[in-house]
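Everything on this sheet refers to the single structure shown next.
The values are calculated or read from the model by the stated rules, or taken from the named source; none is laboratory data. Keep in mind that this is a model prediction, so the values were computed, not measured. Note: ideal-geometry Cβ built from the backbone for every residue, glycine included; neighbour counts use all protein chains shown.
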Amino acid sequence: MSETRKTILVVDDDKELVRAASEILREENFRVLEATDPETAVKIAAAYEVDLLLLDLHMPKLNGFEVLKLAREKQPDVKVIIISGYLEQHKSDLRKIQYDDFIRKPADPEVIFSSIRQLIGPEKPPAGCDPNAPFPSAKILIVDDEPDVGILLRDNMLEAKFGDFQIELAENGSDALDKAAVFEPDIVVVDIKMPHMWGDELIERMKAMPTPRPKGFFVLTAVSDEKLESRMRREGHIYVKKPFNQDILFEKIRAKCLELNLVKKPAQK
């Protein structure tokens, strides 16, 4: 994976519209993150690096303006296309925010693609894989107290097809310990700031488990803590700050698998 794919976050409370838009974007080889409620959109933008936000304005709980404000706190340079059927109602509010394009609903897909190409460029076709290269194979446990964030990471990791992975999810430290005892993961990807048990405590408890215990740990965090980062790196863990680029994370996971000799064995003839 020498090149990272452009990532688009699609936010709309119309589930069918999100599904249809995501399918079309994936056919063009964009990495797509989906949110059908604004609160989930904010959580995703806090965790994953996004190149472009495809955003509806008219949603319950938080409207599109609030989503954009919160998303920009984490990713101030993200490109934004607003897709809405309520231009007249929102004209005054639109003058107060920074966005890159406004497209009226119902939107022509080609109009959307034209705007995307102008803002972040056309996506490149995926590079072909070397069939003779070692192919990672591992059991991976993802621990994050935001279920939507963990599910997206699992689904995109499997969709990327850069390894033969079995993936389990856990939402807190206790759940992770229980699942690790049965699943016996090779690699654990863990959020640091979780209720009841932080990720660094979970790592220490996993390292004390009866064998087989995890061979590698990836620490994901939005916490700015130089001492914690220094300690995690000193202990040999991969430290990744949120919001992170998924393809770069996947490349680090691939490299760790190869380092640990977690590779798919050739079929016996």
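Quick look at the numbers
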quantity	calculated
Residue match in the range 130-143 (condition: closer than 24 Å to Leu9 by Cα, touching a residue at least 12 places away in the same chain (Cβ under 8 Å), surrounded by 16 or more Cβ atoms within 10 Å (Cβ to Cβ) and outside the structural domain of Leu33 (by TED's automatic domain parsing))	yes
Number of the exception - Glu110 against (1) under 30 Å from Lys161 (Cβ atoms); (2) within 23 Å of the chain's Cα centre (by Cα)	(2)
Residues that are acidic (Asp, Glu), closer than 19 Å to Ile151 by Cβ and surrounded by fewer than 18 Cβ atoms within 10 Å (Cβ to Cβ), drawn from the range 1-36	Asp13, Glu23
Helices (runs of 4 or more DSSP H) (entirely within the range 121-208) containing at least 1 residues that are modelled with pLDDT under 95, hydrophobic (A, V, I, L, M, F, W, C) and within 24 Å of Lys242 (Cβ to Cβ)	147-160
Among (1) surrounded by fewer than 22 Cβ atoms within 10 Å (Cβ to Cβ); (2) within 19 Å of Leu94 (Cα to Cα); (3) charged (D, E, K, R); (4) in contact with a Ser or Thr (Cβ under 9 Å, 6 or more places away or on another chain) - the single one Glu73 does not satisfy	(4)
Residue within the range 174-181 that is farther than 19 Å from Glu49 by Cβ, surrounded by 14 or more Cβ atoms within 10 Å (Cβ to Cβ) and under 16 Å from the mean Cα position of the chain (by Cα) present	no
Pick from the range 203-244, criterion over 22 Å from the mean Cα position of the chain (by Cα) and aliphatic (A, V, I, L, M), ranking: surrounded by the fewest Cβ atoms within 10 Å (Cβ to Cβ)	Ala208
Verdict on Lys179 being under 29 Å from Gly64 (Cβ atoms) and not aliphatic (A, V, I, L, M)	no
